[in-house]
Amino acid sequence: QVQLVESGGGLVQPGGSLRLSCAASGFTFSTAVMSWYRQAPGKERELVASIRESAGSTNYADSVKGRSTISRDNAKNTVYLQMISLKPEDTAVYYCNAAPRYRLYDYWGQGTQVTVSS
């Protein structure tokens, strides 16, 4: 029923850029807080960025601040993560997360692999 489908991951050279997309369905997207998380091998899953329903309130992890932009298109039920100046440390599986309004739990996508390497 609820689906979060990530796309846009892949192999990118250091200093490069990419845009991740997350297509959502099965819940009210426009009022949900949407987030991107990532998890590298041997590390805890960490919040990369989040955006609230108004699209005017965002937050970013210190490690990606200034290099990442999260955005959403409520008409397309899609959230994006634009990353520039990518570093090898950005290598991880990136997960889309949805926290619907008036719900006490959230939803997760399957993840998309981002590898930053020369």
Give me a comma-separated list of calculated 3J(HN,Hα) values for the stretch 20-31, in order, Karplus coefficients 6.51, -1.76, 1.60 applied at θ = phi - 60°, integers in Hz, x for any Gly or Pro. 8, 10, 9, 8, 10, 7, x, 7, 7, 5, 5, 10
Diffing the stretch 111-118: the Karplus 3J(HN,Hα) column from phi (6.51, -1.76, 1.60, θ = phi - 60°), in whole Hz with x for Gly and Pro, holds x, 9, 7, 10, 10, 10, 7, 8
I'd like the distance between the alpha-carbon centres of the stretch 13-56 and the stretch 64-118, rounded to an integer number of Å. 2
Net charge over other residues, Cβ less than 15 angstrom from the Cβ of LEU86 (K, R count +1; D, E count -1): +3
In the neighbourhood of VAL2 defined by beta carbon distances under 11 Å, the net charge of the other residues (Lys, Arg +1; Asp, Glu -1) is 0
Please list, ordered by chain and number, the residues whose modelled amide H lies under 5 Å from the amide H of THR91; skip anything fewer than 5 residues away on the same chain. VAL116
Excluding ALA49 itself, calculate the net charge of residues whose Cβ lies under 14 Å from the Cβ of ALA49, where each Lys or Arg counts +1 and each Asp or Glu counts -1. +3
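Where a number appears in this text, it was derived from the coordinates with a stated rule and is not lab data. Predicted model, so just to flag it, every value in this text is computed and none were measured. FYI the Cβ positions are ideal-geometry reconstructions off the backbone, even for glycines, and counts take in every protein chain you see.
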